[in-house]
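Have a look at this one.
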Amino acid sequence: ATPYLLSVNNIEVIYNHVILVLKGVSLDVPEGQIVALLGANGAGKSTTLKAISSLLRSERGDITKGTIEYRGQRIDNGTPDQLVKQGVIQVMEGRHCFGHLTVEENLLTGAYTRAISRSEIKLALERIYHYFPRLKTRRQSQAGYTSGGEQQMVAIGRAMMADPKMILLDEPSMGLAPQIVEEIFEIVRELNQQENVSFLLAEQNTNVALRYAHYGYILENGRVVMDGSADELRSNEDVKEFYLGLG
Ligand code: ATP
């Protein structure tokens, strides 16, 4: 058995049969950790997450080489639904709330794959509101009229309603003010520590991601060019110069 919850081994991804986007990406997520996938716009972060969650196919992308294992089992031929049942949930970039539903209705949609009773669903909701008190206040508001930060919280909260072991979180900081970004990362840390949810998060905001993650991988042009503990990466001169703007 592998010691890792998730292992991506040398995957190659091609869109539309011609566009080679991932050129042999490998990464591991140990159980209980937050792992950051870093790199500039277009480096291949979202594609890596979609390869793991099987959402690639709906975008005409194929894994043409390599393997992906979750708890030691191959998952590179599965469907998004199977993965959700196994506890791997992707939170897409751009949040994707159902704008016309209330905050609470959005959260409830996250539990659709679980065969649980009404009272268990109520408990699950209360657990989400414990981590996201703002959502409790806004529970009856139409999600489309809440702030960007609240919508990101709804998206993460909805993923939590599926009782995940692992969340693939795409660019949670996108378009949000620094203070709300901190608030969201604090909650991610709490979910990691208190609910034992592991995270693989794609971020262009290297500075924030490395303050909360245990480990990081830097992608450039479809390849991992560097990896290390968050502390190692934060003190690396190249990372400072090119990704932290401290050069
Ligand atoms: P971003 O922060 O913009 O999401 P990223 O690092 O997540 O950047 P990807 O979205 O994975 O990068 O994109 C990597 C490359 O793949 C880009 O050159 C992009 O144009 C290309 N690409 C992404 N999706 C598709 C698609 N459906 N069809 C063809 N090419 C795509």
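Specify whether the C-alpha gyration tensor of the range 199-247 places it in the rounded, prolate or oblate class, a ≥ b ≥ c being the square roots of the eigenvalues: rounded for a/c under 1.5, otherwise prolate if a/b is larger than b/c and oblate if not. Spell out each step's value before the answer.
On the way: a/c = 1.42, a/b = 1.09, b/c = 1.30.
Rounded, since a/c falls under 1.5.
Same structure again: Please state the relative contact order of the chain as a whole percent: Cα pairs under 8 Å, 6+ residues apart?
Relative contact order for the chain comes out at 27 percent.
Sticking with this one: If Lys and Arg each add +1 and Asp and Glu each add -1, what is the summed charge of the other residues whose beta carbon sits under 11 Å from the beta carbon of Leu37? Walk me through the numbers before you get to the answer.
Numbers: positive: Lys45; negative: Asp170, Glu171, Glu203, Asp227.
Around Leu37, the charge tally is -3.
Quick check on the chain: of the DSSP beta bridges with both residues there, what percent are antiparallel, nearest 5%?
60 percent
Hey, another quick one. Between Leu108 and Glu220, what FRET efficiency follows from the Cβ-Cβ distance if R0 is 51 Å, with the result rounded to 0.05?
That pair, Leu108 with Glu220, gives E of 0.80.
What's the extension gain from Leu101 to Ala177 if we count 0.36 nm per residue and subtract their Cα-Cα distance?
So the chain would gain 24.9 nm between Leu101 and Ala177.
A follow-up question, please. Could you give the angle, 0 to 90 degrees to the nearest 10, between helix 148-160's Cα long axis and the longest principal axis of the Cα atoms of the chain?
With rounding to tens, the tilt is 90 degrees.
Every number in this text was worked out from the coordinates using simple rules, so none of it is lab data. Note that the coordinates shown come from a computational prediction; the quantities given were computed from them, not determined experimentally. No Cβ is skipped: glycine too gets one built from the backbone with ideal geometry, and neighbour counts run over all protein chains shown.
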